[in-house]
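Here's the structure we're looking at; comments come further down.
A short reminder: the numbers here are calculations on the coordinates, not readings from a lab. Nothing here was measured: the structure is a model prediction, and the numbers come from that model. Ideal geometry is used to build each Cβ from the backbone, glycine not excepted, and the neighbour counts take in all protein chains shown.
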Amino acid sequence: SFKGGCQHKRSLLLLLWSGMAIRSALFALVLMLAPVAMAHRLREASQRAAPPAPVGEAPAVGKDGAYDSKENACAACKFAATGSCAMYKSCVCYATNAFWSSVNVASETDRNNWHYACG
C-alpha cells in the first residue's frame, strides 16, 4: 500500500507537470504568433483608402494671418475638416472675430480678424 501511494503521488506530479508544460507551450505559441498578427494588421492599415477629398476650396488668408470674413473662416474650417480622417466625423466648426477695440487707438484699420476652431 505504501508503494501504491508513492505511485499515486508520482502520477499526480506528472499530471501537474504535463499541465504546466502544455500551458507553457501554448504561451510560447502565442508569443511566436503575435508578430505575425501585428504584421497582418500593419499590412491592412497600409492598404486602407486615402483620406477623403476636402469639400469646397480653401479661402485665402489675409495679410494679417486671419480670414477677412466669417464665411471665409467657416469655409476654411470645412475644407480642413472634410479632408482629414481624424476630423471629418467629429469636427464642429466655430468661427470668431478676434478684433477688440482699443481705448487709445485713433482708428483701427482692420476690424475683421476671423479665425476658426474645431470643437
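The table for this structure:
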item	result
FRET efficiency for Val36 and Ala58, using Cβ-Cβ distance with R0 set to 30 Å, rounded to 0.05	0.10
Residues whose placed amide H lies under 5 Å from that of Asn113, excluding near-sequence neighbours	Ala98, Phe99
Length added when fully stretched, Phe99-Ile22, from 0.36 nm per residue minus Cα-Cα	20.6 nm
